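A short worksheet on the structure shown next.
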Amino acid sequence: MNTTASIKGYISTLCALLLTIFVQPALGQDNDIELRQNAPSGLSRTDVASNNAIVVESINTPTKPFAFGVEAGATMDFSGTETSHFDIDIYGGYRKGWIQTLGMGIGFHPTLAHNRTFIPIYAIFRCNFKEGRSLCFADVKVGLSINELNSDTHNTGLYASAGIGFNLLQNRRFKLHAIVGYNYTQIIPFEIYTQQAMHGASIRIGITF
């Protein structure tokens, strides 16, 4: 009986030793395999995390070199000329990296009163404040405005706009944004009547493809 018990004890000890040597390291390897299952061979965990971040960044960043967008909003007149108006704009241009749009745009801005219409044609520059994804961006427009003040009065003046934009939603196909800005529209030729101009605050919602 003592001999049988000793043999059973040796077998139990040997089995426990084998489990310690072979099974536990295998379980640890399984965890590493799960972390590296989607990564090329030879990459560390840090490399895998970096690659995943790059993949997410590429999914959320448009890859086309050209941008096309539409915006709609309104401008509140601060100049006392009763020219608060709706804003509808389209634009297009080049984009790469931190530059969202570098190109041209045109707007159609009918007033809420007096049946006046402003048609600005401008260069647009829009950029993020940092490389990669950014919550905010700068928006600058400079050009000329064709002003239809009434059936007998038409003139052309300077148009300028500057604002801060907020990226609300973005992926590889489009970006949805909002812009709060300040607009200036010269109503009478700048060289003669510098005081006769419309200026005011604007808010717009837009989408860029």
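All of the numbers you see were taken from the coordinates with simple rules; none came from a lab. Note that the coordinates shown come from a computational prediction; the quantities given were computed from them, not determined experimentally. When we count neighbours, we look across all protein chains shown, and the Cβ atoms used for this are built from the backbone with ideal geometry, even at glycine.
Values computed for the structure shown
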item: Enclosed volume per residue, in Å³, of the convex hull spanned by Cα atoms of segment 66-208; result: 97 Å³
item: For segment 77-170, size of Cβ-based charge dipole, Lys and Arg +1, Asp and Glu -1, in debye; result: 580 debye
item: Relative exposure of THR117, THR81, THR208, judged by other C-beta atoms within 10 Å (fewest first); result: THR117, THR81, THR208
